[in-house]
Amino acid sequence: MKLVEVLDDAAAASVEPVLPDVVAVVESLGGELQDVVISELKEHTYYAVIRVARDGDVIEIDSRPSDAIAVAVTCEPNLPIYVSEEVLADVLG
């Protein structure tokens, strides 16, 4: 099962915030939450990734923007939230 499927299943099975699930997966990978990026805009739908630092690499976990932002603002300290230049260009047109 893919990591994204695990997170989606956990989020779908619970009305609680996804933060505990994300933190548990990240810790099990030996990583540290780094930041959130609103990464794409396709057909009026935004996409995001939660970036995890691990062993000098960055792992990107696909996420709904609302979940990614919730993770960012509930972490201590809060995670930075970035928007890709492509999304900004599309929005600002």
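The values are calculated or read from the model by the stated rules, or taken from the named source; none is laboratory data. Everything numeric here is computed off the predicted structure, so don't read it as measured data. Counting neighbours? That spans all protein chains shown, and the Cβs are built from the backbone with ideal geometry, glycine included. Please note that ligands, DNA and RNA were not included when accessible areas were found on the heavy atoms of the full protein model with its side chains. Shrake-Rupley method; radii C 1.70, N 1.55, O 1.52, S 1.80 Å.
What to note about this one:
- Tally of residues being open to solvent by 40 Å² or more (accessible area, probe 1.4 Å) and in contact with a Leu (Cβ under 8 Å, 6 or more places away or on another chain) across region 31-50: 2
- Here Thr74 fulfils each of the conditions (1) open to solvent by less than 60 Å² (accessible area, probe 1.4 Å); (2) at pLDDT below 95 apart from (1).
- Hits in region 42-93 (condition: assigned to a loop (DSSP other than H, G, I, E, B) and in contact with a strand residue (DSSP E or B) (Cβ under 9 Å, 6 or more places away or on another chain)): Arg64, Cys75, Leu79, Pro80, Ser84
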